[in-house]
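Input: a single structure, listed below in structure tokens.
The values are calculated or read from the model by the stated rules, or taken from the named source; none is laboratory data. All of these numbers come straight from a predicted model, not from anything done at the bench. Neighbour counts run over all protein chains shown; Cβ positions are idealised from the backbone, glycine included.
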Amino acid sequence: MSKGSTGYGTTAGRSSRRRILRLAGAGLTMATLGAGLTGCEDTSETGGEGSIPPPRTASPEDGGKAPEDGQTPAPLWTKSTSAATYGDNDELVAVDGVVIASGDPLAALDGATGAERWSLPGGAIPGAPLLLGDGTLYLASGKYDGSVIGYAPASGKETWRSHLGKEYRQPRPVAVDGTQVYVIAEILEADGSSRTNVIAALNSGTGKLVWKEQRDLGTQQNGVHAAVQGRHLVYTDFKKNLTVRDTATGRQVWTQKTTKTSYGPFAVHQDLVIVPQGQKLQAFALSDGSEKWSVEAEQFTTFREPTVLDDVLYIADSGRTLWALDPRTGKKVWQSTALKDSGAQVPRQFVRVGSTLYGATDLDKQGGIHAFDAENGALRWTFNDKSDDYHAWLVATDGKRVFALHGKKLHALPGA
């Protein structure tokens, strides 16, 4: 599985419609949302009425090889799934020969053929991440019984289980490293309500509680994005908090307010956490929170979600510019205006296979899965199923194939 950073963690969506869809997973009805989704569409980043000339389509009978530039590949296979996603990057994963999309039942499909390998009724809570670490898939229990469960991705067999305690409700894993699973859970009051929450570390071998720390009053359980890098657990939330804790003790190393609410994921690379802040992209030292570098986009332009792949940071902005930066210094590797020239939607999630960078966009008739030359950002082709499904696109890779999820349709595309 390609990760968006060098640390293990979760990634999530952006504001506007995708934030509304996440809230739907916490209790709103999809029927109500569906009636108003068109009105909720953020049109500030969509393309104009001009259309991209339809690219040529490559045949799936080419042995699974990626097509030449300008040729959109035909899917190796397409399957209908039980997917119930809300636009978060960690709701589609590819590992151990299978691809898994969040849904009920939770089903693993063979990456090569699309055949179902296993199915788990009630396996995933809507909106919760599919968290991978040390060969285990960690999930909050779909039975809402306070359990966090680990499964073998290839077989779907349970391999690990932990229970935080009856005084806590709905624990959700947010990050994992080689020894611990990190969860956030609501603290129950005597009347069954909850006004505070706790962040805790569970031993990934025994399931026993290692430490727990109560978070500040007013913080929320939902909207947390987290990653682990060495001794640092770093996370953001909807309350403009950027916080780092010591993974061994849970002690807060530092916290600070961000200038913008972070609805989407950040990136972690070596000793830095890299956070988009509207027009500015900032890198802070994990050790003390000091700013190490920053990059600014054009005026009235905002950065999307960052991803670090093969020691390069990829990020798009709302002005349809794609950036490749050195994550250690913020220095530009290259900058591409290929999307600006075509009027296509910008990606917010990236994976890389060989010399090709794949980016997944929100819903847009000129979006879908873009394939770029990873060396210079040239747009090679765009795959779109033309379904007009209102869900955002998600992308994952097993290193050989690229998996594109759009609503309940999962497509396998040839990689490099």
Is at least one residue of the range 85-95 surrounded by fewer than 16 Cβ atoms within 10 Å (Cβ to Cβ) and either modelled with pLDDT of 85 or more or touching a Lys or Arg at 6+ places or on another chain (Cβ under 7 Å) (or both)? no
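Could you grab me the full set of residues in the range 306-354 that are charged (D, E, K, R), in contact with a Phe, Trp or Tyr (Cβ under 8 Å, 6 or more places away or on another chain) and touching a residue at least 60 places away in the same chain (Cβ under 8 Å)? Working first, answer last.
Going through the range 306-354, the residues charged (D, E, K, R) turn out to be 310-311, 317, 320, 326, 328, 331-332, 340-341, 348, 352.
With in contact with a Phe, Trp or Tyr (Cβ under 8 Å, 6 or more places away or on another chain) added as a condition, the list becomes 317, 332, 352.
Residue satisfying the conditions is R352 alone.
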Return the residues of the range 322-375 that are among the small types (G, A, S), in contact with a strand residue (DSSP E or B) (Cβ under 7 Å, 6 or more places away or on another chain) and under 20 Å from E298 (Cβ atoms); say none if nothing qualifies. A324, G330, S336, A338, S342, A344, G359
Could you tell me whether L120 is buried (at least 23 other Cβ atoms within 10 Å of the Cβ) and either farther than 14 Å from K409 by Cα or in contact with a helix residue (DSSP H, G or I) (Cβ under 7 Å, 6 or more places away or on another chain) (or both)? no
Condition first: at pLDDT below 95, of a type outside the set (D, E, K, R) and farther than 23 Å from E213 by Cα. Can you find one or more residues in the range 280-296 that meet it? no
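Tell me which residues, restricted to the range 122-152, are over 16 Å from the mean Cα position of the chain (by Cα), among the hydrophobic types (A, V, I, L, M, F, W, C) and assigned to a loop (DSSP other than H, G, I, E, B).
A152
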Residue list for the range 69-121, restricted to those being within 21 Å of the chain's Cα centre (by Cα), of a type outside the set (S, T, N, Q) and part of a loop (DSSP other than H, G, I, E, B): A84, Y86, G87, D88, D96, G97, D104, P105, G111
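When residues of the range 106-164 are filtered for being among the basic types (K, R) and touching a residue at least 40 places away in the same chain (Cβ under 8 Å), how many remain?
1
Only one of these is surrounded by fewer than 21 Cβ atoms within 10 Å (Cβ to Cβ), more than 21 Å from the chain's Cα centre (by Cα), acidic (D, E) and modelled with pLDDT of 90 or more: D373, D388. Name it.
Every option except D373 fails the conditions.
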